[in-house]
Amino acid sequence: MSKEHPTAPATPPGTIEPLVSDYGAGGEIHQHAAEDSPRLTTAQGVTISDNQNSLRAGAPGPTLLEDFVLREKIFHFDHERIPERVVHARGFGAHGIFECTRAIPEITRAAPFQTEGKITETFVRFSTVAGSKGSFDLARDVRGFAVKFYTDEGNWDLVGNNIPVFFIQDAMKFPDLVHAVKAAPDRGFPQAQSAHDNFWDFISLTPESMHMIMWQMSDRTIPRSFRTMEGFGVHTFRFVNAKGESTFVKFHWKPRQGLQSVTWNEAVKTNGADPDRHRRDLWEAIERGDFPEWDLGVQMFDQAFADSFDFDVLDPTKLIPEEQVPVEIIGTLTLDRVVDNFFAETEQVAFCTQNVVPGIDFTDDPLLQGRNFSYLDTQLKRLGSPNFTKLPVNAPRGCPVHNFQQDGHMQTANRKGRVNYEPNGWGVGPRAHPLEGYVSFVDKTAGEKRRLRPESFADHYSQARQFYISQTQVEKGHIRDALIFELSKCEVADIRARIVAHLLRIDTELATAVSTGLGLAQMPEPVPAARPTRQDLPASPALSILLNGPEDFSGRVIGLLVSDGADADILAALREAAEKAGVQVKLVAPSIGGITDSAGTLHPAQEKIGGGPSVLYDAVAILFGKTDKPVAANPDAQDFLRDAHAHCKFIALHQADALVEASGLSAMLDDGYFQIKMPQDIAPFLENCASLRFWAREPTLAG
Ligand code: HDD
């Protein structure tokens with residue numbers, strides 16, 4: 001253990017010996033450390049005698065400039081912050097391992113895929129895009145899904161999102177896109193939202209964004225958890241084998257937890273109840289040993305397929321339907337370790353799309369090419385020195401690093417000796433290796449030097465339509481509602497109409513519903529389009545969240561609203577059944593001290609009513625004692641039930657009639673409700689919870 005940074009003691013705070021304080025003769029406070037505690041020192045290693053009082057000339061009296069202990073402490077504090085990421089500022093990281101489950105050496109020589117069972121260490125950072133570091137987790141936003149593989153042949157960063165396409169086709173447009181979505185420059189708001197004029201103005205003038213907009217307005221952008229979302233490398237990359245032959249590849253991360261999102265109303269309320277919802281969820285899952293897992297899938301295809309495909313595989317606003325090129329699973333990512341230090345790891349991790357290893361190569365996707373410049377550049381700005389590669393979270397782990405790069409701010413890896421160039425005649429130092437080294441795929445290129453966008457990138461609506469028609473009715477409704485919500489936040493009526501003019505190119509019914517929802521005076525003309533929208537593309541079920549949910553209810557949480565006298569047998573049975581199913585039960589009670597059940601047993605609560613609203617749980621159960629009237633009258637208890645109802649959750653009830661009535665729901669009980677009369681009634685409730693929501697209720701909520 002380092003003397004400088006002792007780790008926190010295992011003892012819980014309440015049992016730590018307090019430091020003894022007393023007033024000395026001069027009125028100053030002395031603190032006596034326990035004899036065996038490590039000494040507090042300055043950065044220069046000098047032991048500090050008093051960490052509470054600055055050096056003063058008398059009492060009262062001026063503070064002395066001479067006080068180097070004070071000055072050094074404040075100086076360091078003043079410089080604690082580094083610039084936040086210009087996008088993806090709010091993120092959360094965790095360590096994991098990648099295990100190869102199907103070796104593909106004939107296709108790529110990339111180290112992680114050479115042998116079955118091969119383990120590669122990884123670091124993953126999930127993020128929102130638009131909000132600043134201190135914004136809330138459940139913004140309607142794209143999520144970043146960045147994975148650093150510490151391979152035996154160097155670091156490979158797969159810097160992806162939870163959506164397989166992007167807003168724009170060329171990196172040239174990225175600064176404008178980001179300016180438009182982030183807070184307006186004059187007023188500095190809105191924070192972490194796309195529901196404002198600048199964003200929709202830009203989008204309305206950028207037809208290529210319409211496919212991504214369909215995804216963004218879907219529930220993909222309000223995931224239940226980082227654990228329940230997919231990840232995508234987005235671009236077409238190349239796998240390259242030992243013979244130098246290339247296969248195109250698109251990367252997919254498939255969560256073993258199944259896909260799951262929340263509803264918009266739930267997201268808005270969650271941001272108030274727990275702005276750290278997603279990071280807390282990931283932290284808690286890993287800490288309790290419920291390690292989240294994703295399968296790595298690849299869509300592999302050759303030039304002949306690329307030539308025959310309806311769209312350009314180099315266009316990042318397009319995907320290749322899984323039904324057309326299957327996703328083949330080649331490995332599994334398991335996140336099994338939380339960070340020790342948020343700043344050192346999550347904040348200082350530096351992903352760069354240019355970080356590739358032998359066996360992985362780029363394509364001419366113009367968005368990818370631009371990204372390859374941006375990431376390295378931004379890390380220098382953010383981390384302040386080209387030596388950020390030496391930080392433990394960024395340094396390669398599986399292989400040595402030898403080169404003649406030297407000096408620079410915060411250099412810590414200084415070579416010995418006089419030789420710092422290559423080739424050299426001293427016979428010292430590393431040399432390039434033509435066979436083992438990274439060799440770019442040998443590709444013929446020819447063409448005129450011009451600023452251009454290929455013809456093959458011109459169809460902006462066909463895949464937007466394909467995404468829309470691939471959704472279930474429930475999901476289509478959510479896309480419609482999201483569009484109406486977002487556009488209603490635009491002050492300029494013309495912007496709303498311009499978006500509807502695009503929607504007309506995607507689906508008339510959707511455009512009409514949005515137009516009605518916005519109260520547009522008249523339907524606009526469809527925007528002129530470079531290509532007609534193809535009506536023949538088949539639906540792709542893989543694009544729906546609801547068709548790709550979890551197989552069971554494990555990893556989820558039941559919020560159990562209880563009051564004194566709750567039936568002891570039912571409570572015990574619920575807990576037991578939930579535990580068996582890998583489901584957590586969190587008790588929400590009138591006081592955090594908990595409740596006493598019908599058998600006289602005390603159950604401490606995890607939340608007080610109001611602190612644990614039902615938006616934080618996947619399903620709820622209400623288990624009251626015989627005298628539940630006072631709890632039923634509690635507005636927070638009523639919100640708990642009403643929200644669970646409005647968010648189409650499965651609800652179990654025992655002696656909760658008074659609350660149901662007080663919440664105005666007596667006439668609304670449907671098949672998503674389960675009356676628990678005896679312990680045996682728990683099983684059907686839990687079984688139904690696996691389908692996550694009782695969507696049949698949704699139409700009854702309208703109005
Ligand atoms: Fe980016 C961060 C994903 C387009 C420029 N991007 C960043 C992160 C993710 C992505 C996940 C956060 C990494 C982390 O957790 O540290 N970005 C994407 C995807 C894109 C994309 C999937 C399209 C397919 N990005 C994109 C373009 C540019 C950038 C076109 C610039 C031309 N992105 C950046 C950046 C960031 C970044 C400015 C900000 C902080 C950072 O890199 O480390 O360089």
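The values are calculated or read from the model by the stated rules, or taken from the named source; none is laboratory data. Since the structure is predicted, the reported quantities are computational estimates derived from the model, not experimental observations. Neighbour counts run over all protein chains shown; Cβ positions are idealised from the backbone, glycine included. Quick note on the areas: whole protein, heavy atoms, side chains included, nothing else; ligands and nucleic acids left out. Shrake-Rupley method; radii C 1.70, N 1.55, O 1.52, S 1.80 Å.
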Would you confirm, using the coordinates I've provided, whether residue 582 is touching an Asp or Glu at 6+ places or on another chain (Cβ under 8 Å), closer than 24 Å to residue 691 by Cβ and surrounded by fewer than 20 Cβ atoms within 10 Å (Cβ to Cβ)?
yes
Whether any residue in the range 250-259 is touching a helix residue (DSSP H, G or I) at 6+ places or on another chain (Cβ under 6 Å), free of Cβ contacts under 8 Å to residues at least 40 places away in the same chain and polar (S, T, N, Q) is what I want to check.
no
Between 688, 634, which is crowded, with 16+ Cβ neighbours inside 10 Å and under 28 Å from the mean Cα position of the chain (by Cα)?
688
From (1) buried (at least 21 other Cβ atoms within 10 Å of the Cβ); (2) modelled with pLDDT of 95 or more; (3) closer than 18 Å to residue 571 by Cβ; (4) not β-branched (Val, Ile, Thr), pick out the condition that doesn't hold for residue 675.
(1)
Check residue 387 against each of (1) without any contact (Cβ under 8 Å) to a residue 40 or more places away in the chain; (2) within 14 Å of the ligand (Cβ to nearest atom); (3) surrounded by 13 or more Cβ atoms within 10 Å (Cβ to Cβ) and name the one condition it does not meet.
(2)
Here are 379, 299: which of them is buried (at least 19 other Cβ atoms within 10 Å of the Cβ) and without any contact (Cβ under 8 Å) to a residue 40 or more places away in the chain?
379
Checking 72, 80 in turn, the sole residue that is closer than 30 Å to residue 42 by Cβ, without any contact (Cβ under 8 Å) to a residue 12 or more places away in the chain and not polar (S, T, N, Q) turns out to be 80
Give me the pairs: first residue in the range 141-166 and on the phi > 0 side of the Ramachandran plot, second residue open to solvent by 10 Å² or more (accessible area, probe 1.4 Å), beta-carbon distance under 7 Å, and six or more apart or on different chains, which are they?
154/396; 154/399
If we ask which residues in the range 261-289 are closer than 13 Å to residue 616 by Cα and part of a loop (DSSP other than H, G, I, E, B), their number turns out to be 5
Does residue 317 satisfy the criteria of being among the hydroxyl-bearing types (Ser, Thr, Tyr) and within 23 Å of residue 214 (Cα to Cα)?
yes
Can you tell me which condition residue 350 does not meet? The list is (1) away from the ligand (no atom under 14 Å from the Cβ); (2) in contact (Cβ under 8 Å) with a residue 24 or more places away in the chain, and all the others hold.
(1)
Since residue 304 meets every condition but one in (1) open to solvent by 40 Å² or more (accessible area, probe 1.4 Å); (2) outside any loop (DSSP other than H, G, I, E, B); (3) within 15 Å of the ligand (Cβ to nearest atom), which condition does it not meet?
(3)
Assess whether residue 228 counts as being under 30 Å from residue 611 (Cβ atoms), of a type in the set (Ser, Thr, Tyr) and in the same structural domain as residue 140 (by TED's automatic domain parsing).
yes
Can you tell me which residue among 104, 163, 74, 168 is closer than 23 Å to residue 365 by Cβ, at pLDDT 95 or above and more than 10 Å from the ligand (Cβ to nearest atom)?
104
Taking residue 332, is it within 16 Å of the ligand (Cβ to nearest atom), open to solvent by less than 60 Å² (accessible area, probe 1.4 Å) and in contact with a strand residue (DSSP E or B) (Cβ under 8 Å, 6 or more places away or on another chain)?
no
Can you list the strands (runs of 3 or more DSSP E) lying wholly within the range 555-636 that have 3 or more residues being free of Cβ contacts under 8 Å to residues at least 24 places away in the same chain and farther than 18 Å from residue 654 by Cβ?
none
Quick one: is residue 394 at pLDDT 95 or above, among the polar types (S, T, N, Q), surrounded by 19 or more Cβ atoms within 10 Å (Cβ to Cβ) and within 24 Å of residue 110 (Cβ to Cβ)?
yes
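Collect the residues in the range 238-247 that are part of a strand (DSSP E or B) and surrounded by fewer than 21 Cβ atoms within 10 Å (Cβ to Cβ), keeping them in residue-number order. Working first, answer last.
Filtering the range 238-247 for residues part of a strand (DSSP E or B) gives 238-240, 246-247.
Matches in the range 238-247: 238, 246, 247.
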Complete set of residues in the range 525-563 that are at negative phi, open to solvent by less than 30 Å² (accessible area, probe 1.4 Å) and touching a strand residue (DSSP E or B) at 6+ places or on another chain (Cβ under 9 Å):
545, 550, 553, 556, 557, 558, 559, 560, 561, 562, 563
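Quick grid of which residues meet (1) within 14 Å of the ligand (Cβ to nearest atom); (2) farther than 22 Å from residue 96 by Cβ:
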{"residue": "371", "(1), (2)": "yes, yes"}
{"residue": "396", "(1), (2)": "no, no"}
{"residue": "399", "(1), (2)": "no, no"}
{"residue": "413", "(1), (2)": "no, yes"}
Restricting to the range 174-220, what's the tally of residues that are among the basic types (Lys, Arg), surrounded by fewer than 20 Cβ atoms within 10 Å (Cβ to Cβ) and either within 16 Å of the ligand (Cβ to nearest atom) or touching a residue at least 60 places away in the same chain (Cβ under 8 Å) (or both)?
0
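Test of understanding: among 226, 232, 237, which residue is within 15 Å of the ligand (Cβ to nearest atom), touching a residue at least 12 places away in the same chain (Cβ under 8 Å) and farther than 30 Å from residue 531 by Cα? Break it down into steps so the answer makes sense when it comes.
Working: 232 fails: farther than 30 Å from residue 531 by Cα; 237 fails: farther than 30 Å from residue 531 by Cα.
Selected residue: 226, the only one of 226, 232, 237 that is within 15 Å of the ligand (Cβ to nearest atom), touching a residue at least 12 places away in the same chain (Cβ under 8 Å) and farther than 30 Å from residue 531 by Cα.
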Given the condition more than 18 Å from the chain's Cα centre (by Cα) and within 9 Å of the ligand (Cβ to nearest atom), answer yes or no: does some residue in the range 139-149 qualify?
no
Exception for residue 61 within (1) surrounded by fewer than 21 Cβ atoms within 10 Å (Cβ to Cβ); (2) among the small types (Gly, Ala, Ser); (3) closer than 21 Å to residue 249 by Cβ falls at (3)
